[in-house]
Every structure is written in structure tokens, then in C-alpha cells.
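No lab work stands behind these numbers, since they all come straight from the coordinates. Note that the structure is a prediction, hence the values are computed from the model and not measured. All Cβ positions, glycine included, derive from the backbone under ideal geometry; neighbour counts span all protein chains shown.
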Amino acid sequence: MHTVTFQINGERRTETVAPTMTLLELIRDQLHLTGTKEGCGIGECGACTVLLDGAPVTACLVLAAEVDGAEIRTIEGELKNGQLSDLQQAFIDAGAVQCGFCTPGMIMSARGLLNRNPHPTDAEIIEAIAGNLCRCTGYQAVVDAIRNASRPLTREARGLRDAESAAESGGESHD
């Protein structure tokens, strides 16, 4: 057994892990963060993509013992104060979410891209999500969502979007 200390979604954790435990198993089974999905288990589908020290990795291929001292960010780390991130909202707005299975991995790959390149070209977006497979939406809506998220909204535009969303749900905007 190994003891590892790491940051996950801003929280410092110390966990005991088996030598063969994957980061995916640590995240889902030990930490109970189930937003990260297991698809293929061999690093081909991208469903388990998380950020490890800021870079997208397939968590099924990383041993949990390797994360000692690392910073990990999962899809749960996108939520701030109960609010979706602009990237998550952009996926919804662009219709880039259907069954939702690949969405967490797609969003984490996109977050990795936007962290290192806040204004990517479509070609750079396509390259960044090349390791993420989706069988529902096709990829144009995903590319559109990432492109839209790379264009920061003005406060007025964000307030308008929040007001429209509140009106659709019968609530009020509190922006």
C-alpha cells in the first residue's frame, strides 16, 4: 500500500492506495466523485479525462500512486458556488450534451486547452478533443461550445442570459 497526498478540486487529501489502483478507481471508488466516467478502461475513449497538474490525462491509465504531490481537477471542480462554469454552460447552450456520458471528459479536455490557450482556433479545439469519443452529438456542437466558451461574455450579456434562463424556469435572475 502507498500513501499519497494531493489536491483534488482544491481540497487537500491524503489517501492510502494499492499499487495497482488507477487514478480513475481512486476518484470514483474511494473519493466517490462519480462525474468522471469509465468507458473503455484502456485510454482510448477519453471518458475518464481529468486534469493532472493542469494537463488532460486519461485517469484509467494513471496509477493512483503517481499522484503524490499532484493537483487533480475533475468535472466536479468545474462547479463554483453551485453555478456551472461558463464552459459547462456553453456545452448546454450549443447542444453539445446528449446522453452525457462523454461530456465530463470532453469538458476536462476543453478546460485543459482553454487553460493553456484561452483563444484557440477550431483546428486547435479539434486536436484537443481528438482523444474523446462521442457517439451521440457529432463533434460540431462540441467545437462550437468550446469556441463560444473561449469568448468571455460581457457582464451585460451574462446578465441577459441569466435573466432569460430565469424567465424560462419561472424564477428571477439574481445577477
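Here are some notes:
- In the chain, taking the dipole from charged Cβ atoms about the Cα centre, the farthest positive-side position among 129, 36, 5 is held by 129.
- Label assignment, P(r) over Cα pairs in 10 Å bins from 0, in percent derived from the structure, set [x] 7, 12, 14, 15, 14, 12, 9, 6, 4, 3, 2, 1, 0; [y] 10, 36, 29, 18, 7, 1; [z] 10, 36, 32, 17, 4, 0: [z]
- In order along the range 44-50, phi translates into HN-Hα couplings of 9, 9, x, 4, 9, 5, 9 Hz, rounded to whole numbers, per the Karplus curve 6.51 cos²θ - 1.76 cosθ + 1.60 with θ = phi - 60° and x for Gly and Pro.
- Applying 0.36 nm per residue to the separation of residue 81 and residue 126 and subtracting their alpha-carbon distance, the gain on full extension is 13.2 nm.
- In a simple Cβ point-charge model (Lys, Arg +1; Asp, Glu -1; nothing else charged), the range 2-78 has a dipole of about 60 debye relative to its Cα centre.
- The order of 92, 129, 107, 42, going from fewest to most other C-beta atoms within 10 Å of their C-beta, is 42, 92, 129, 107.
- GNM remark for the chain: springs join alpha carbons under 10 Å apart, and the peak mean-square fluctuation among 110, 141, 96 falls on 141.
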